[in-house]
1. How many residues does region 191-220 hold that are within 19 Å of Ser140 (Cβ to Cβ) and either crowded, with 22+ Cβ neighbours inside 10 Å or touching a residue at least 60 places away in the same chain (Cβ under 8 Å) (or both)?
2. Among the residues of region 147-162, is there at least one that is part of a strand (DSSP E or B) and either surrounded by 12 or more Cβ atoms within 10 Å (Cβ to Cβ) or at pLDDT below 95 (or both)?
3. Any idea which of (1) of a type outside the set (Gly, Ala, Ser); (2) touching a helix residue (DSSP H, G or I) at 6+ places or on another chain (Cβ under 8 Å); (3) under 15 Å from Ala224 (Cβ atoms) is the one Gln126 doesn't satisfy?
4. Can you pull out the strands (runs of 3 or more DSSP E) entirely within region 179-236 that have at least 1 residues that are of a type in the set (Gly, Ala, Ser) and within 12 Å of Gly134 (Cα to Cα)?
5. Collect the residues in region 272-284 that are farther than 15 Å from Gln233 by Cα and at pLDDT 85 or above, keeping them in residue-number order.
6. Looking only at region 90-146, which residues are part of a loop (DSSP other than H, G, I, E, B) and of a type in the set (Gly, Ala, Ser)?
7. Just checking, which of Val194, Val205 is within 27 Å of Asn86 (Cα to Cα), assigned by TED's automatic domain parsing to the domain that holds Thr101, of a type in the set (A, V, I, L, M, F, W, C) and out of contact with any helix residue (DSSP H, G or I) (no Cβ under 6 Å at 6 or more places or on another chain)?
Amino acid sequence: MRTIPGTSEYVLEARIPKKAILQEYSPQPGGMIGFNYILSNPYVVEREDNPQKTVIKGFEPLFWSAASRDAAPMFWGKLGLIGTINGQTAIMDRNMTKKLTSFNAGDFIALTVIDPDRNTDINSSQTITVHVSGNLTNDSKEITLYEILQPKGDQPASASDTVIQPVNDSPFFADRIKTQFGTAPSEDPMILSVQGKELVTLEYVDPYYGPNQTNVKVTYTATAKIGTDGYLQILSRSGKEIKQFPAGLRLFFMVQDEDLIRLGSEVQPEPAKILITVTSKTDSEQVTLVDEKNTGTFVGSLELLIMPQVIRVMVYCK
């Protein structure tokens with residue numbers, strides 16, 4: 001039981017074992033369960049010989065809804081049935097329509113918990129905290145999940161699907177984080193660095209998992225894959241891929257890698273860039289490639305003044 005701030009009212013939450021108390025109850029359309037809570041409140045008055053002290057003169061019953069022990073059930077307060085109280089966790093796709101067993105590095109993933117008894121106030125939105133971590137990169141984050149409506153499976157993806165909109169009276173808690181390929185933990189609190197074959201675990205501590213089960217850890221695990229394979233092309237001025245070229249020709253380099261597309265809050269005024277190194281037997285040059293349209297396509301050029309020979313290109317993210 002807890003008070004409602006700013007009012008003289010209070011909220012009573014009761015956990016009723018179905019097998020014990022509701023064993024004979026069979027839900028029917030239009031049916032009702034009555035619930036009347038009676039609290040014996042001490043009736044306190046000041047002592048006549050010492051106004052600084054009080055004495056209990058009796059008890060005044062406080063009734064939750066029906067102001068009589070003999071009131072008919074139809075006058076009792078309504079009891080909302082919330083179903084299971086066991087917390088359930090899942091790592092889901094960014095649209096929160098399916099659970100994931102694996103995902104690509106660079107994907108947005110949704111961290112979700114279903115726990116009806118954490119919806120403690122139907123008139124306001126609550127939050128809960130979860131822990132997500134990987135076993136190879138050892139990156140770990142504490143993430144706040146918000147009370148939201150669970151999207152439907154046929155709901156189309158939205159351009160603003162990274163925006164979380166809290167609601168009241170929902171058993172579903174969620175938020176999204178971005179993953180990225182990396183061998184060291186990310187300093188960004190909402191980006192999780194992962195490697196290929198890394199096990200990513202979502203952990204939630206359920207304050208009340210069931211009768212005599214408190215502060216129970218509930219987990220869900222998914223495997224990170226390396227991500228989308230990038231590829232490199234050497235092009236002529238006309239855009240045709242070439243394998244041989246004469247000295248003095250300007251070469252155009254194009255790298256395509258969808259993992260490097262910036263999403264949501266990552267978009268910056270300057271376009272994304274990567275650095276490639278072009279080497280031959282006698283020389284080495286570095287070229288910056290730019291993704292002007294944020295499509296994962298990076299383009300740059302270099303004029304070669306070397307004699308025809310084998311060259312090697314190395315790509316670095318910048």
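The values are calculated or read from the model by the stated rules, or taken from the named source; none is laboratory data. Here the structure is a predicted model, which is why all the values come from computation and not from measurement. Please note: Cβ atoms are built from the backbone with ideal geometry, for glycine as well, and neighbour counts cover all protein chains shown.
1. 16
2. Of the residues in region 147-162, the ones part of a strand (DSSP E or B) are 147.
Then drop every residue that is not either surrounded by 12 or more Cβ atoms within 10 Å (Cβ to Cβ) or at pLDDT below 95 (or both), which leaves 147.
Yes, the conditions are met somewhere in region 147-162.
3. Tallying (1) of a type outside the set (Gly, Ala, Ser); (2) touching a helix residue (DSSP H, G or I) at 6+ places or on another chain (Cβ under 8 Å); (3) under 15 Å from Ala224 (Cβ atoms), Gln126 fails exactly one: (3).
4. Details: elements: 191-194, 198-210, 213-225, 231-235.
Passing ranges, in order: 191-194, 213-225.
5. Scanning region 272-284 gives Ala272, Lys273.
6. Of all residues in region 90-146, those part of a loop (DSSP other than H, G, I, E, B) come to 94-98, 100-101, 105-107, 115, 119-126, 135-139.
Across region 90-146, the qualifying residues are Ala105, Gly106, Ser124, Ser125.
7. Numbers: Val194 fails: within 27 Å of Asn86 (Cα to Cα).
Of Val194, Val205, the one residue that is within 27 Å of Asn86 (Cα to Cα), assigned by TED's automatic domain parsing to the domain that holds Thr101, of a type in the set (A, V, I, L, M, F, W, C) and out of contact with any helix residue (DSSP H, G or I) (no Cβ under 6 Å at 6 or more places or on another chain) is Val205.
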